[in-house]
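The values are calculated or read from the model by the stated rules, or taken from the named source; none is laboratory data. The structure displayed is predicted, hence computed values, not measured ones. Here the Cβ positions follow ideal geometry from the backbone for every residue, glycine too, while neighbour counts run over all protein chains shown. The accessibility values were calculated without ligands, DNA or RNA, using every heavy atom of the protein model including side chains. Shrake-Rupley method; radii C 1.70, N 1.55, O 1.52, S 1.80 Å.
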Amino acid sequence: MPKITLTDITKRWGDFYAVDHLDLVIEDCSFVTLLGPSGCGKTTTLRMIAGLETPTSGRIEIGDTVVFDSERGINVPANKRHVGFLFQNYALWPNMTVYQNISFGLKNLKKYTKQEIDEIVQRVAKVVKIEMFLDRYPSELSGGQQQRVAIARTLAPEPEVIFMDEPLSNLDAKLRLEMRSELQRLHLTTGRTFVYVTHDQMEAMTLATKICLIENGVLQQYDPPLTVYEKPNNLFVADFVGSPSINFVDAEGKQAEDGTMELKVLGGKNAKFRFTEPVKMTEWRQAETRADEELAAVRAERAKHKDHVEKGNKDKVFDYPVALVEDTREKTEPTSENYVIGVRPEMLEICEEGGIEGEVYSAMPTGMETTVRVRIGNFLLTGVVFGGVTYEIGSKIHVRFRDNGIMLFSRLSGKLIGTGGLEV
Ligand SMILES: Nc1ncnc2c1ncn2[C@@H]1O[C@H](COP(=O)(O)OP(=O)(O)OP(=O)(O)O)[C@@H](O)[C@H]1O
Ligand SMILES: [Mg+2]
């Protein structure tokens with residue numbers, strides 16, 4: 001099976017950049033999810049790889065074949081790229097049986113005998129467990145069964161790469177969960193490369209071998225799901241993945257001689273942040289400045305190109321949310337002494353004593369776990385406690401931060417500096 005390589009791919013309409021200089025390598029046999037908010041450029045990216053949309057510039061290779069190159073004027077048509085595409089609004093032909101729906105594309109290929117077609121249909125129908133419905137019409141199937149027919153139809157011509165654009169978005173929560181595990185199995189049993197578009201971070205987390213997170217056409221992070229969760233590149237990524245959302249806490253201070261960060265948090269409380277892997281802030285800042293300069297140089301170089309168009313949909317530093325009882329947050333210009341601490345809900349330990357005193361603001365038990373919001377002065381922190389624990393709203397409670405998974409971000413750039421432990 002081939003790997004897919006995108007080099008400096010851009011798609012713009014006028015000065016609107018739907019995809020902005022994207023470099024991406026989709027490894028052989030991987031399951032890559034394209035994730036990001038609505039309108040960030042996921043479908044456009046997928047359509048460009050499939051050959052349904054022409055990039056403005058850049059190069060795309062599938063295996064050893066260059067299927068698109070703006071410089072050399074190469075553009076291989078979609079039907080020669082050996083990719084299967086399953087759209088969000090899959091439409092089965094209502095006047096054909098399941099068998100006919102699956103075999104239709106195969107007949108059109110004119111390369112199989114009747115018997116071969118029959119074997120393929122039986123095989124893919126078995127894979128998605130619809131072999132007992134082959135004589136039925138789509139209207140005689142449930143939504144999930146129809147969905148599986150659509151998947152079987154995509155698999156039948158044995159595409160080397162399978163693209164799916166939000167294929168489960170029409171299903172109810174339970175069926176989605178079931179289909180997710182089917183898709184995961186399907187990926188294993190077929191050994192194909194899957195590229196899967198979703199704006200559901202949970203789906204992206206659970207299915208992918210690698211998540212490609214995009215915002216405003218720009219790649220934010222391309223890593224395995226747990227890396228994205230535990231070491232997000234920046235505030236945007238940290239906020240986008242995880243449910244309930246990560247807690248952000250403003251912090252201000254300096255690095256001490258021994259390498260710990262001495263910070264003021266949660267309305268003037270003294271805190272110490274200890275890096276798990278040592279970071280020297282002066283060096284980190286220098287590297288940050290260098291990276292900014294390099295990016296500026298690349299941009300300046302691009303601007304010299306005769307076809308250059310200034311990006312209309314400007315990129316902004318992510319405006320991270322801080323949960324407050326009353327919104328009194330002043331908009332100040334950040335300095336190099338401003339930081340943002342990121343605390344995943346499961347990193348907040350709720351205890352009887354010690355740590356910081358607060359009170360229960362709300363508690364939402366689901367049976368398996370309870371989401372608790374704790375009020376500390378004007379600040380709200382969300383924690384998750386395993387099991388059905390009941391909390392009385394307004395009662396006194398204490399919180400601590402668990403060791404090592406706490407994140408420290410630069411407020412200037414929004415980038416992750418490192419992870420560690422926080423003591424308040
Ligand atoms: N033909 C077009 N002309 C102009 N702008 C377009 C065109 N097609 C798409 N866009 C814009 O490009 C951006 C990216 O679109 P795309 O369909 O890739 O988003 P998406 O990430 O798939 O979003 P969603 O999750 O809502 O499906 C959107 O802001 C969209 O408005
Ligand atoms: Mg889309």
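Restricting the first member to the stretch 157-186 and to residues that are away from ligand 1 (no atom under 16 Å from the Cβ) and in a strand (DSSP E or B), and the second to residues that are charged (D, E, K, R) and modelled with pLDDT of 85 or more, the beta-carbon pairs closer than 6 Å and six or more apart or on different chains are Ile162/Arg192. Taken together, the residues in the stretch 124-156 that are surrounded by fewer than 14 Cβ atoms within 10 Å (Cβ to Cβ), in a helix (DSSP H, G or I) and modelled with pLDDT of 90 or more amount to 3.
Of all residues in the stretch 333-354, which are modelled with pLDDT of 85 or more and either over 25 Å from Leu412 (Cα atoms) or β-branched (Val, Ile, Thr) (or both)? Of everything in the stretch 333-354, those that are modelled with pLDDT of 85 or more and either over 25 Å from Leu412 (Cα atoms) or β-branched (Val, Ile, Thr) (or both) turn out to be Thr335, Val340, Ile341, Val343, Glu346, Leu348, Glu349, Ile350, Cys351. Checking each residue in the stretch 346-358 for being part of a strand (DSSP E or B) and surrounded by 15 or more Cβ atoms within 10 Å (Cβ to Cβ) picks out Leu348, Glu349, Ile350, Ile356, Gly358. Whether a residue is within 16 Å of ligand 2 (Cβ to nearest atom), β-branched (Val, Ile, Thr) and closer than 21 Å to Leu86 by Cα was assessed, and Thr44 passes this test.
Name the single residue that is modelled with the lowest pLDDT among those in the stretch 157-201 being in contact with a Pro (Cβ under 8 Å, 6 or more places away or on another chain), under 28 Å from Tyr112 (Cα atoms) and of a type outside the set (A, V, I, L, M). My answer is Glu160. Could you please let me know if Leu106 is in contact (Cβ under 8 Å) with a residue 12 or more places away in the chain, within 16 Å of ligand 2 (Cβ to nearest atom) and not in a loop (DSSP other than H, G, I, E, B)? In short, no. Taking the stretch 191-206 as the range and being more than 16 Å from ligand 1 (Cβ to nearest atom) and touching a helix residue (DSSP H, G or I) at 6+ places or on another chain (Cβ under 7 Å) as the test, the residues that pass are Phe194, Met205, Thr206. Annotation note: Cβ proximity below 8 Å between a residue of the stretch 1-26 that is at pLDDT 95 or above and a residue that is among the aromatic types (Phe, Trp, Tyr) and assigned to a strand (DSSP E or B) (sequence gap 6+ or interchain) occurs for Thr10/Tyr17; Lys11/Tyr17; Leu24/Tyr222. Annotation note: Cβ proximity below 9 Å between a residue of the stretch 31-52 that is without any contact (Cβ under 8 Å) to a residue 12 or more places away in the chain and a residue that is of a type in the set (S, T, N, Q) (sequence gap 6+ or interchain) occurs for Gly39/Asn216. Of all residues in the stretch 309-332, those being surrounded by 12 or more Cβ atoms within 10 Å (Cβ to Cβ), over 29 Å from Gly418 (Cβ atoms) and at pLDDT below 90 number 1. In the set (1) closer than 25 Å to Gln255 by Cα; (2) open to solvent by less than 30 Å² (accessible area, probe 1.4 Å), Lys415 fails one condition alone, (2).
Only residues that are touching a Gly at 6+ places or on another chain (Cβ under 6 Å), within 16 Å of ligand 2 (Cβ to nearest atom) and open to solvent by 60 Å² or more (accessible area, probe 1.4 Å) were counted across the stretch 3-32, and they come to 1.
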